[in-house]
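The values are calculated or read from the model by the stated rules, or taken from the named source; none is laboratory data. Computed from a predicted structure; not experimentally measured. In this analysis, Cβ positions are derived from the backbone assuming ideal geometry, glycine residues included, and neighbour counts consider all displayed protein chains.
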Amino acid sequence: MDFNLTNDQLEIKDLAMKFAKNEMMPKASEFDEKATMPLDILRKAWELGLVNTCIPAEYGGNGFTAIDSMIITEALAYGCMGMNTSIMANDLALLPIVIGGNDEQKKRFLTPFTQDYKIAAFCLTEPGNGSDAGGIKTLIKEDGDDVVINGNKMWITNAGYADLFVLYGTTDPALKHKGITAVVIEKGTPGIEVGKKEDKMGHRCSDTRAVTFNNVRVPKKNILGGLNQGWKIAMKTLDHSRPMVASSAVGGAQCAFDHAVKYAKERVQFNVPIANHQAIQFMIADMAMKIEASRLLVHKAAWLLDNNLPNTQLASYSKAFAADSCMQIATDAVQIYGGYGYSKEYPVEKIMRDAKLIQLYEGTSQIQRLVIAKEIFTR
C-alpha cells in the first residue's frame, strides 16, 4: 500500500485548491443567494482542465485516472459544493458515452467537449421514479432508422444550459431493467421542453429542472450499446460517479471542519477559547476521524476502478459514509459557531444546506445500504 500522491497529483490538487479558494469561495455566497449558474467560473475551470475529467486522452481529454478525478472533485467542492455539482454533472452525463459508446460515438460526442466549454445533462430520474430506476416510464420506440422518445424527466442538473442530454428510457416498461436503453440527444432537437428552474434549499447556483421529451426523434446511431443495453451502462456509470459524489462530500466536510477549527480557536467563552473545552474538542475529533475515513473509502473505490477491479460495494460504502459524515460534520460546524452559525453571514450555514443534497442524489443513503446488503448476500 502506498498512500502518497504522485508529483503530478500533488500539482493537480494544488491547482484545483487554488482555483477553489481564489475563484469559487469568494463568489459562493453571491451565486447561492442569486440562485444563478456561475458560467464564467465554470468556463475558467474548464480552461484549466478541471472539467470533464472522465474523457480519455485519445478523444482530447487529459487522461485523468479515477484517483485524479477524486482529488480534483474534493478540491472544487471545498470551494463550493453547488458549483462543483454543475461541474460533476458533465462527467455524470459523459461517462455513459465513455463506458458504452463506440469509437465513432466517442469522437462525435466527447471531442467537442474538449474543444470548447460545453454543458451536459444526465437524464435518468423521473417525477415518479428516482430510487426505482428500473421502473422508468420514458418510452423509446423504434421507427425506421430512428427512435422516438416520449416522457418526463425530473431533477435534471444543468438542464437549462445543456448542449447534450444523455437519456435513459425503456423500450417496454414491462421489461423493467431489461428494457432500459441509453441514448444521446443533442441540443436543439425538436420536442425537448425544459421546465422552470427549481428553487432549492442548497446547491442553489446549480441549475436543476424538469425536462419533457415530446416525440423527440433521434437516429439509432445515437443509442449507446444498442437497444435494451442501458441498464449495464447505467450501473457502471454509477460505480464511477458515486465515489466522485462522495469526494464532493469530503471536500465540503473538510471546508466545514477548517472553518470550525479556526472559529473554535478565536471564540472565547468562560475566559478561554472554546477550543479549550472538552465538549468542542470531542466534536472536532469526531469530525476529523470521519473526514479521514471518508477520504480513504473514496480513494479505495477509485483505486479499484483504476485497476479494473469490481468496486460496486466500495462505491456505495464511500457514497453512504461520506454523505452521512458530511451532513453530520456540517451540522456540528454550525453547532460550534452557535448562533452565528445560523446566520447567512457565516459560511457554515450554506455548507449545511449543501451537504443535505449529497445524501439524496446519485442514490440516497438508504439506497446505498440496499446495494451494500445485496452485494454482501448475493455476490
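In the range 137-170, how many residues are part of a loop (DSSP other than H, G, I, E, B) and polar (S, T, N, Q)?
Qualifying residue count for the region: 2.
Mind checking which helices (runs of 4 or more DSSP H) fall wholly inside the range 3-47 and carry at least 1 residues that are among the small types (Gly, Ala, Ser) and more than 19 Å from the chain's Cα centre (by Cα)?
It comes to 25-34.
Touching a His at 6+ places or on another chain (Cβ under 9 Å), of a type in the set (Ser, Thr, Tyr) and not in a helix (DSSP H, G or I): is that true of residue 346 in this structure? Spell out how you get there, then give the answer.
Details: touching a His at 6+ places or on another chain (Cβ under 9 Å): yes; of a type in the set (Ser, Thr, Tyr): yes; not in a helix (DSSP H, G or I): yes.
The answer is yes for residue 346.
Look at residue 302 and say whether it is assigned to a helix (DSSP H, G or I) and surrounded by fewer than 18 Cβ atoms within 10 Å (Cβ to Cβ).
no
Do you know which of the residues in the range 312-349 that are crowded, with 24+ Cβ neighbours inside 10 Å and of a type in the set (S, T, N, Q) is farthest from residue 289 (Cα to Cα)?
316
Residues that are closer than 29 Å to residue 295 by Cα and modelled with pLDDT under 95: does the range 80-92 have at least one?
Pass one, the range 80-92, residues closer than 29 Å to residue 295 by Cα: 80-92.
With the extra rule that they be modelled with pLDDT under 95, the set shrinks to none.
The answer is no; no qualifying residue exists.
Mind checking which residues of the range 108-132 are of a type outside the set (A, V, I, L, M) and either part of a strand (DSSP E or B) or touching a Pro at 6+ places or on another chain (Cβ under 9 Å) (or both)?
So the first thing to find is which residues in the range 108-132 are of a type outside the set (A, V, I, L, M), and the list is 108-109, 111-118, 122-123, 125-132.
Those that are of a type outside the set (A, V, I, L, M) and either part of a strand (DSSP E or B) or touching a Pro at 6+ places or on another chain (Cβ under 9 Å) (or both): 118, 122, 123, 126, 129.
Out of (1) assigned to a loop (DSSP other than H, G, I, E, B); (2) crowded, with 24+ Cβ neighbours inside 10 Å, what's the single condition that is false for residue 63?
(2)
Among the numbered criteria (1) among the basic types (Lys, Arg); (2) within 27 Å of residue 355 (Cβ to Cβ); (3) assigned by TED's automatic domain parsing to the domain that holds residue 133, which one does residue 221 miss?
Among (1) among the basic types (Lys, Arg); (2) within 27 Å of residue 355 (Cβ to Cβ); (3) assigned by TED's automatic domain parsing to the domain that holds residue 133, residue 221 violates only (2).
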